[in-house]
Amino acid sequence: MKSKKYIVDTTLRDGEQSAGIAFNTKDKVKLAKLMDEIGIYQIEAGIPAIGKVEKEAIIKIMANRKNALISAWNRMNISDIQHSMECEPDIIHISAPVSYVQIYSKLRKNKQWLRHNLLDCVQYAIDKGYQVTVGFEDASRADISFIISLGVMLKEAGVSCIRYADTVGVLTPHNVSDVTKSISRYTDMDVEIHVHNDFGMAVANSLEAAKNGAKYIDCTFLGIGERAGNCDFVKFVKSSESIFDCGIDKKRALEVQKEVYHLIKDR
Amino acid sequence: MFKMIDRTLTAIKLEEDYPTGSMLADMCQLISKLGADYIEISVPVLKRIGELPMGPKYILKADTIEEIKKYKNFDSYVIKYKEDVNIENVIHEIQVNDAREIPMLNRYAHLKHVRITGLDELMCGDYAASMKRLKELFVGTVCLCPQNSYFCATALALEWLLSGGKSIAVSFVGIGGYAVLEEILMAAKVIMHKKIKVDLSILPEVTKLYETITNRRVKYNKPILGDNIFAVEAGIHADGINKNPLTYEPYDPETVGKVRKIVVGKHSGTSAIKIKLKEKGANLPDKMVDKILENVKEQSVIKKRSLTDTEFIHIVKEVIASEKQKIYC
């Protein structure tokens, strides 16, 4: 029997985030409805902190959805989370930059600050009754021991799933296999893999993560996303179908892909 | 270091795309400049080019033993495995579509030079064990040419090299369904930390020639080559890159002959607006920046894309005019 894997579609968040693409409310609601119908486990619907239009779209997506879980993406701050709460999503996803370059150059903070701030944000959302997932941004350039220590802390705080993000696409299959196994072994948490395609290895890295224990796979239709994009939904489902059951209606997935293509073709 | 054989020239469809001989000759030289150790050509390509440019080393892909005998001046040849071919400098190409066929390759173990082509689905199984088995089976050199119907060819070629493989066969843009030359080169440089001595800033020139030859545009987000891969819109990304480009770029765009650009749209934040204003030589108070950002987001959603520089400047002018009006009212 094939092992069960779950697709987290981030076309409406990381996909849309790629330079040149902007969906309006009608597009986002339509795409989310189609995604919901083909068996996608979770739809990352957007970033509420962007503003009124984005929130309006996520609220409508929540109202229409029948099967999929709807998540909203947040930077690691209370204000972003409050914006998300206005949309009442199923999952609040908090992104925590974990590499040295992200913590020290971008945030201009340190690891201790990150640890405290992340815990405060997670606690805030959990106390309001939300399911929380945490994304480790730029995890592939971070120390695995730091990631594991954060994972242990988050598990104690009530988080059960962490997203390992290969933010600049530098993972290789053998690396992703090692880190996926280590995180599962030492934190006992569910792993969600989120890769970018900078060196053309997004599908291979997602497959390898899934083979080594990642339960959730982040994809976007047509592989749209920052720079060279993310793991292509249809390509992943096709290449993994001999070993995994992702619960996706493949024929209809091609129709969703066409719809996305139609919306972005003029970009 | 490893040996890289480039199959681009033999993957171009001569009868459909009608490239001229000089275009193909230029492609040979450019790919050689990118660092391919051997350029694989076929007899039809050779006939189209006429005299091969000096410099690159060539491998002739022969369909028959007669072709090998007729075109005697090549360093080496590649031919689909035939029992009766027993020539020193021939690479025997063996198509293997399923990892379960690998143990059965022992009947070829005596061959001095082998190219294993196929193995598209290797990533679905224990690829490391399969690669180890391949290396153990053959006494001679094994060149791996993974195919891409499972979208894993580049990853497999790279893993082959990382696990000690000495030779791979690739193509530019992955034409023909192979591992991608430019992805391997950049992965070797950035991920494997190999010293790549060649100048990869010629990649846009190679891309342009490729597009002319094949009459196909390289996708806007194609790894390494795409027009849009160093465009940044998202607020946190623009802010991060402004502080330190390494935050959101795996390598310096100039390495591959590109420049980064900040564009504004639905996902922009105040940092991106400030960076863009600075680019245009303007420095406005925060209140006006907020107003500009609000208008940029609104217009981007209406237009369903990022804004052009002209559209951005138009918004800035409108906001400045409106603020002035408030002062004089």
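The GluC sites (Glu not before Pro) of the range B:45-146 meeting both criteria, a DSSP state outside H, G, I, E and B (loop) and at most 15 other C-beta atoms within 10 angstrom of the site's C-beta, are B:51, B:83, B:88. Dividing the alpha-carbon radius of gyration of the range B:231-328 by the rule-of-thumb value 2.2 N^0.38 Å gives 1.13. Above 37 Å, the calculated P(r) of chain B contains 34 percent of its Cα-Cα pairs. Rounded to the nearest 500, what is chain B's calculated 222 nm mean residue ellipticity when only DSSP H runs of at least 4 contribute -39500 (n - 2.57) each, over all residues? It lands at -12000 deg cm²/dmol. Reducing the range B:267-302 and the range B:183-258 to their Cα centroids gives an inter-centroid distance of 27 Å. Across the range A:3-264, the convex hull enclosing all Cα atoms gives 112 Å³ per residue. Summarising the strand pairing of chain A, around 5 percent of its internal DSSP beta bridges are antiparallel. Cross-link check: pairs A:4/A:33; A:33/B:266; A:111/A:258; A:235/B:304; B:261/B:287 evaluated at a Cα-Cα cut-off of 32 Å; pairs beyond the cut-off: A:111/A:258.
Under the rule of -39500 (n - 2.57) per DSSP H run of 4 or more residues, summed and divided by the residues of chain A, what mean residue ellipticity at 222 nm is obtained, to the nearest 500 deg cm²/dmol? Using -39500 (n - 2.57) per qualifying helix, the result is -13500 deg cm²/dmol.
Place +1 on the Cβ of every Lys and Arg and -1 on the Cβ of every Asp and Glu in chain A, take the dipole about the Cα centre, and give the residue among A:64, A:158, A:237 whose Cα lies farthest towards its positive end. Result: A:237.
In this Cβ point-charge picture (+1 for Lys and Arg, -1 for Asp and Glu), the protein assembly as shown has a dipole of about 560 debye about its Cα centre.
Overall shape of the protein assembly as shown was characterised from the C-alpha gyration tensor. The equivalent ellipsoid obtained from it has semi-axes of 45, 29, 21 Å, in decreasing order. Bridgeable aspartates and glutamates around residue A:251 (alpha carbons under 15 Å apart, same-chain partners fewer than 8 residues away excluded): A:36, A:37, A:241, A:259. Over every Cα atom in the range A:131-267, the radius of gyration and the widest Cα-Cα span, Dmax, amount to 15.2, 47 Å.
Every number here is computed from the coordinates shown, using simple stated rules; none is lab data. Here the structure is a predicted model, which is why all the values come from computation and not from measurement. Ideal geometry is used to build each Cβ from the backbone, glycine not excepted, and the neighbour counts take in all protein chains shown.
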